[in-house]
Each structure stands twice: as C-alpha cells, then as structure tokens.
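Okay, so here's the structure we're looking at.
The values are calculated or read from the model by the stated rules, or taken from the named source; none is laboratory data. All values reported here derive from a predicted model rather than from experimental measurement. No Cβ is skipped: glycine too gets one built from the backbone with ideal geometry, and neighbour counts run over all protein chains shown. Heads up: the accessible areas ignore ligands, DNA and RNA and are worked out on the full protein's heavy atoms, side chains in. Shrake-Rupley method; radii C 1.70, N 1.55, O 1.52, S 1.80 Å.
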Amino acid sequence: MSNYHEPMDLLDEKARNITRALNSLKEEIEAVDWYNQRVVASEDPDLARIMAHNRDEEIEHACMTLEWLRRNMDGWDEELRTYLFTEGDVTTLEEGSDGNAANAGSGHGSLNIGDLK
C-alpha cells in the first residue's frame with residue numbers, strides 16, 4: 001500500500017522526503033502510545049521501567065523528526081513557535097495577547113510584559 005496520494009512521478013525528492021518524515025512521525029507517536037499503555041498495564045516494575053525507557057526513546061525520535069520538519073517543510077516553524085513552550089490556554093494563542101497571530105508565542109514585536117508607563 002502506498003503512502004502517496006498523488007502519482008510519485010509528480011513528486012520531487014523533497015516532497016517524498018516530507019512524506020517519509022510525516023509517516024515516521026506517525027509511527028513514532030503510535031509507538032509512544034503502545035509503550036505508554038504497556039507501562040501503565042504492567043504489574044512488573046522492572047518490565048515497566050524497560051517499557052518506559054522504550055517509550056521515552058520513541059518520544060526522542062518523534063522530536064527529532066519534528067525538528068526536521070520544522071527545518072524542511074513550510075509552515076512548521078511558524079506554528080511550532082506559536083504553540084510550543086507557552087503557558088495558558090493553547091486555543092487562544094493563535095490570536096495572541098494583543099489579537100495579532102504574528103506576535104503569539106514568537107517573541108517578535110512584543111515582550112508581552114504590559115505597559116511600562
């Protein structure tokens with residue numbers, strides 16, 4: 001079964017690499033879920049520690065793939081800068097504290113410290 005929805009001959013190498021990365025990310029996230037369920041379900045503490053180690057390795061792999069996507073696929077950098085490592089209600093970050101999506105979470109244009117007068 002192909003992971004491509006368009007004819008491969010219409011996709012350049014960059015597009016094929018992005019598909020590879022996205023599929024790898026899906027697989028890593030799925031593996032995190034599987035290992036996490038095993039950690040929670042295991043009654044053997046030694047086995048649970050091994051499964052937790054494996055889960056954490058899969059999280060590392062997913063993060064590495066996200067970073068590759070951030071560097072190589074349009075849109076990822078801006079969105080990750082908007083939503084990651086923020087506080088408060090994540091659903092309101094798009095508008096930002098001043099109603100400007102360009103300033104939300106990016107540190108650009110405002111220090112978000114309020115009026116200094």
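Using a probe of 1.4 angstrom, how much of the accessible area of region 1-79 is carbon and sulfur, in percent?
Details: 3170 of 5940 Å².
That share works out to 53 percent.
Evaluate the charge dipole of region 1-70 about its Cα centre and quote only its size in Debye, nearest 20, assuming +1 on the Cβ of each Lys and Arg and -1 on the Cβ of each Asp and Glu.
Working: 8 positive and 16 negative charges, 34 e Å.
In total the dipole reaches around 160 debye.
Using a 1.4 Å probe and ignoring any ligands, DNA or RNA, find the accessible area of residue 80 and quote it in Å² to the nearest 10.
Accessible area of residue 80: about 40 Å².
Taking θ = phi - 60°, what integer Hz values does the Karplus form 6.51 cos²θ - 1.76 cosθ + 1.60 yield along region 54-71, in sequence order, with x for Gly and Pro?
With coefficients 6.51, -1.76 and 1.60, one gets 4, 4, 5, 5, 5, 4, 4, 4, 4, 5, 4, 5, 4, 5, 4, 4, 4, 7 Hz.
I need the GluC sites (Glu not before Pro) found in region 1-81, filtered to DSSP loop residues with at most 14 other beta carbons within 10 Å of theirs. Walk me through the intermediate numbers first.
Details: sites: 13, 27, 28, 30, 43, 57, 58, 60, 67, 78, 79; in loops: 43.
Loop-located and lightly packed - 43.
Within the P(r) computed for region 22-91, what percentage of the Cα pairs occupies the region above 19 Å? Intermediate values should be presented prior to the final figure.
On the way: 1158 of 2415 pairs.
Tail of P(r) above 19 Å: 48 percent of Cα pairs.
Given the Cα atoms of region 7-50, and with Rh set as the inverse mean 1/r over their pairs in the Kirkwood sense, what is Rg to Rh to two decimals? Please report the intermediate quantities before stating the final value.
On the way: Rg = 17.1 Å, Rh = 12.7 Å.
Across region 7-50, the Cα-based Rg/Rh ratio is 1.34.
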